[in-house]
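Nothing in this text is a laboratory measurement; each read-out follows from the coordinates by a stated rule. These numbers come from a predicted model, not from an experiment.
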Amino acid sequence: MIKFFLMVNKQGQTRLSRYYEHVEINKRTVLEAEVIKNCLSRSKDECSFVEYKDFKLVYRQYAALFIVVGIDQTENEMAVYELIHNFVEVLDKYFSRVVSETLNLLQNSFSLSKLWWK
């Protein structure tokens, strides 16, 4: 099961987050900081799957954008890895170029938190 979905830029700023389990706001901040630190500190030669606390992190980098998905131990990492890629392909087709400015547009125009995965 997917626990959360994050889009983060190279500077470590969360551009978009979606949680599928209740997490208090102050705990989200700490969780996001630790997750971002773990993923951004890894080299491109390292695996894109990371064990973290009681769940796994699956991430992919697209230019200056990292997409990180937190999953439980029973989820298939490769399936989530491909889900991330398919998600980015859809955004790329719709917006022609997925960059941080596109995410700003999405957040302001379409209120993504209300549209995605309800």
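Remark: for residue pairs LYS3/LYS37; LYS10/LYS37; LYS3/LYS27; LYS27/LYS53, the C-alpha separation exceeds 21 Å in no case. If the chain linking ARG42 and ALA63 were pulled fully straight, counting 0.36 nm for each residue of separation and taking away their Cα-Cα distance, it would gain 6.1 nm. 3J(HN,Hα) along region 74-84, derived from phi through the Karplus expression 6.51 cos²θ - 1.76 cosθ + 1.60 where θ = phi - 60°, amounts to 8, 6, 7, 5, 5, 5, 5, 4, 6, 4, 4 Hz, with x in place of Gly and Pro.
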